[in-house]
Amino acid sequence: MHVLVIEDEERLAHNLAKAISKNAGFVVDVALDGEDGLHLATSGVFDAIILDLMLPGKPGQEVLAALRKTGDKTPVLVLTAKEEKASIIRLLDSGADDYLPKPFDLGELLARLKALIRRGKGQASPQLAVGNLVLDFNTRSAWRAGTRVELSPMEYRTLEYLMMRQGSVVSKEELLEHLYDYNWEKFSNVIEVYISTLRRKIDAGERDRLIHTLRGRGYVLRKGDPQ
Amino acid sequence: MISSIRGRVLALAMLAQFLAMSCAVGFAVWYVHRALWSSLDSELQARAVSLLALVGQADDDPYALDFDANQVNLPSGDLFYVVDPHGRALAGSGSWIGQQAGAQQNARKTWLFKHDGITYRGKALIESPIFDQENMNVPQLRVNLFYAVPATQTQARIAEAMREAVMVGIVSLLVSALLTWWAVGTGMAPLIELASRADKIQAARAEFELPPGTLRSAELMPLGRALQALAARVRAAFDRERQFISDAAHELKTAVAIQKSTLQLLEQGRASEAEYRDGIARALEDTARTERLVADMLLLSAIEHAQQLPEIPGQTSSRSPLEQSVELAIDRLQPLARMKDVQIDLKLDGTHYVTGKEQDLCLLWTNLIENAIQHSRASSRATVELSDAGSDCCRVRIADSGTGIPAADLPHVFERFYRSDISRSRATGGFGLGLSIAKAVVDALHGTIRIESAPQRGTTVEVILPKA
């Protein structure tokens, strides 16, 4: 998963980025002002956006409005120091998905962020299942037919993304965009490596193969026929 | 003690009314009194003279007088006494004249007296020549005639007229009291409405609409306008404070959020000793930043607050040479200037004295010069120039040739917590309070501060302070 943090306090932004990547295993990009934030947000590669309200350049409220105007559906979690009800209502009404008042608890922020991403991908349960492959979003672990599958962090992230988007064709570019930060191009070859390792760890010895490659189009995770 | 304007106006109006009414009643009574008595007196005179006509020369003695008693036709109740100068009574009775005769005889006046319980008006015709003297060989014969008529009726009429006049006076006094009470009440109504509206002014919603009655009243208009202005000032001050509290809360919450996230990050997962040390160092940095924020906010509040307190001359402020505080500030900032490779030029022009605490002045120059250094490019110069500004002011101009401030931000730079460019203030670690503090100090010193800037060309701040 790829998360954008738009926060002008550099220290806070980096603390957030570190916590998210360390605890949820997500990739994080940071923007320190509203203009940069909006520019990055509209690229459409993010699975969630954390947005501070008081921003130089462009206030958070405007970033949010501009983003929603482009039709972008990325879940947005707003950080605010204003706790007046009216301000919160205005925020949610203008397209925010959730908010946290400052000073917030990192644990709560991570939980809300994960829930937002899950919902954004159309998943309600933190346990994702395809056939007898189960992935636990909270403990970041995978089971195949009741047996724990040991995965490296990068393998897990790749599988997590495919599971979230289960049934849909995911291109290599999409995987790269959502699993790496902005300079993902240099990683373009590693995807094939992770996919083949995943396939070996998950599908080996199983009758139903779940990871399918569609030549020239990408990958799909589903039970049964890839088409 | 509370006294009512209405009551006082009423009392005053009543007093004036009473005096005027008393004069009018007094005059009326006096006039009626005079008219009635004078009419009675003329009646008295006429009757006395008609009686006098009955006195004639005695037929038998040309020197003697005779009274024709047969022709006496007097209204009943009248008293008379006719006597010749030698004291020989000719007619009537002298018993009623009593002692008064002596006193009144020569006065040719009328007088009042009581006889048998009835008040009379008396008149004396002393040594009156008789009309009917046929024999001119004897000297003019004279007679003394006393006459009196009952005065009861006249007295009663005077008393009645007096009663009526006083009645009319009292009634008109009452009517005018009511009218005054009503008029003052009506006149005061807009004032009372104004007061009740003024009473509703609250800091949070200091809306004040002038009641229509006030707009029509020339006397209440200034008060209404003053109240309106007061309400506007209260509202503005309250809005400013609320904005400040909201901004301060935002800054503090952010500062706490940073500290909290740094510590929570350390708490999550297992960290090595080096990571812990690093984390603690960062948490301390965050704490120092929060401390600086709180100190700046308190400083600003203290200066802004002090500006509203009366200054005791010689105790809080003193006459101090401007150069001294400027040089002190430059001295303190030299390490920063060297670090940023900025040269500070000080241009002096004589000695200038201003009134102010040295530490306030030093704070002011430090803030402004630090800004100049922070926004200067490496190996550039910043100038601090002291000069006269007219005969009673002096000017301090601090100029840099640095990044400048965008025109759109210029009007806001003195606002608290305003940061025109985040990357700039992040680099300098500012909270957007430096220029607010500078302005508060200048305001407290009764000076002015002005800022000019062109992006990429530099910024000039000009402070003008009154000379001591």
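May I ask you to say which residue of B:LEU36, B:LEU12, B:LEU40 is in a helix (DSSP H, G or I) and in contact with a strand residue (DSSP E or B) (Cβ under 7 Å, 6 or more places away or on another chain)?
So the residue among B:LEU36, B:LEU12, B:LEU40 that is in a helix (DSSP H, G or I) and in contact with a strand residue (DSSP E or B) (Cβ under 7 Å, 6 or more places away or on another chain) is B:LEU40.
If you check A:LEU16, A:LEU38, which single one turns out to be buried (at least 20 other Cβ atoms within 10 Å of the Cβ) and more than 13 Å from A:GLY57 (Cβ to Cβ)?
Criteria check complete, one pass: A:LEU16.
Counting just the residues of the range B:250-267 that are more than 7 Å from chain A (Cβ to nearest Cβ) and either in contact (Cβ under 8 Å) with a residue 12 or more places away in the chain or surrounded by 22 or more Cβ atoms within 10 Å (Cβ to Cβ) (or both), which one comes out farthest from A:GLU84 (Cα to Cα)?
This residue is B:LEU266.
Please enumerate the residues belonging to the range B:261-307 that are outside any helix (DSSP H, G or I) and closer than 17 Å to B:LEU364 by Cβ.
Correct list: B:GLN307 only.
When the residues of the range A:26-42 are narrowed to those that are of a type in the set (Val, Ile, Thr) and over 25 Å from A:LEU151 (Cα atoms), which ends up farthest from the other protein chains (Cβ to nearest Cβ)?
A:THR42
Which one of these does B:MET167 not meet: (1) of a type in the set (A, V, I, L, M); (2) over 19 Å from B:GLN45 (Cβ atoms); (3) surrounded by 12 or more Cβ atoms within 10 Å (Cβ to Cβ)?
(3)
Please go through the range B:321-354 and give me each residue that is buried (at least 19 other Cβ atoms within 10 Å of the Cβ) and either within 42 Å of the chain's Cα centre (by Cα) or assigned to a strand (DSSP E or B) (or both), ordered by number.
Within the range B:321-354, B:VAL342, B:ILE344, B:VAL354 qualify.
Only one of (1) in contact with a Lys or Arg (Cβ under 9 Å, 6 or more places away or on another chain); (2) surrounded by fewer than 16 Cβ atoms within 10 Å (Cβ to Cβ) fails for B:SER196. Which number is that?
All conditions pass for B:SER196, except number (1).
Filter the range A:6-25 down to residues that are among the aliphatic types (A, V, I, L, M) and at the interface with chain B (Cβ under 7 Å from one of its Cβ atoms) and give me whichever is farthest from A:LEU100 (Cα to Cα).
A:ALA19
For (1) modelled with pLDDT under 85; (2) closer than 30 Å to A:MET54 by Cα; (3) surrounded by fewer than 16 Cβ atoms within 10 Å (Cβ to Cβ), each residue gets a yes or a no:
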{"position": "B:THR366", "(1), (2), (3)": "no, yes, no"}
{"position": "B:ASP388", "(1), (2), (3)": "no, no, yes"}
{"position": "B:ASP392", "(1), (2), (3)": "no, no, yes"}
{"position": "B:SER420", "(1), (2), (3)": "yes, yes, no"}
{"position": "B:LEU445", "(1), (2), (3)": "no, no, no"}
{"position": "B:GLU452", "(1), (2), (3)": "no, yes, yes"}
{"position": "B:LEU465", "(1), (2), (3)": "no, no, no"}
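Enumerate the helices (runs of 4 or more DSSP H) found wholly within the range A:143-214, keeping only those where 2 or more residues are within 16 Å of A:GLY131 (Cα to Cα).
A:153-164, A:190-203
Taking the criterion of being under 30 Å from B:ALA24 (Cα atoms), out of contact with any strand residue (DSSP E or B) (no Cβ under 8 Å at 6 or more places or on another chain) and away from chain A (no Cβ under 14 Å), would at least one residue in the range B:190-205 satisfy it?
No, that holds for no residue.
So which pairs qualify, if the first residue must be in the range B:269-288 and under 15 Å from A:ALA19 (Cα atoms) and away from chain A (no Cβ under 12 Å), the second must be part of a helix (DSSP H, G or I) and aromatic (Phe, Trp, Tyr), the Cβ gap must be under 8 Å, and the two must be at least 6 apart or on different chains?
Close Cβ pairs satisfying both conditions: none exist.
Please enumerate the residues belonging to the range A:43-94 that are among the charged types (D, E, K, R), more than 14 Å from every other protein chain (Cβ to nearest Cβ) and buried (at least 20 other Cβ atoms within 10 Å of the Cβ).
A:ASP47
Can you tell me which condition A:ASP97 does not meet? The list is (1) of a type in the set (Asp, Glu); (2) crowded, with 19+ Cβ neighbours inside 10 Å; (3) within 14 Å of another protein chain (Cβ to nearest Cβ), and all the others hold.
Result: A:ASP97 fails condition (3) only.
Yes/no matrix, rows are residues, columns are (1) at pLDDT below 80; (2) more than 30 Å from B:GLU291 (Cβ to Cβ); (3) not basic (Lys, Arg):
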{"site": "B:LEU173", "(1), (2), (3)": "no, yes, yes"}
{"site": "B:VAL184", "(1), (2), (3)": "no, yes, yes"}
{"site": "B:ALA189", "(1), (2), (3)": "no, yes, yes"}
{"site": "B:SER196", "(1), (2), (3)": "no, yes, yes"}
{"site": "B:ILE201", "(1), (2), (3)": "yes, yes, yes"}
{"site": "B:ALA231", "(1), (2), (3)": "no, yes, yes"}
{"site": "B:ARG240", "(1), (2), (3)": "yes, no, no"}
{"site": "B:GLU251", "(1), (2), (3)": "no, no, yes"}
{"site": "B:ALA257", "(1), (2), (3)": "no, no, yes"}
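Conditions first: (1) without any contact (Cβ under 8 Å) to a residue 60 or more places away in the chain; (2) away from chain B (no Cβ under 14 Å). A:ASP105 passes all but one, so which condition is the exception?
Among (1) without any contact (Cβ under 8 Å) to a residue 60 or more places away in the chain; (2) away from chain B (no Cβ under 14 Å), the lone unmet condition for A:ASP105 is (2).
Quick check on this structure: which one of A:ARG118, A:ARG140 is within 14 Å of another protein chain (Cβ to nearest Cβ), basic (Lys, Arg) and surrounded by 14 or more Cβ atoms within 10 Å (Cβ to Cβ)?
A:ARG140
The values are calculated or read from the model by the stated rules, or taken from the named source; none is laboratory data. Just so it is clear, the structure is predicted and the values come from calculations on it, not from any experiment. We place every Cβ from the backbone using ideal geometry, glycine too, and count neighbours over all the protein chains shown.
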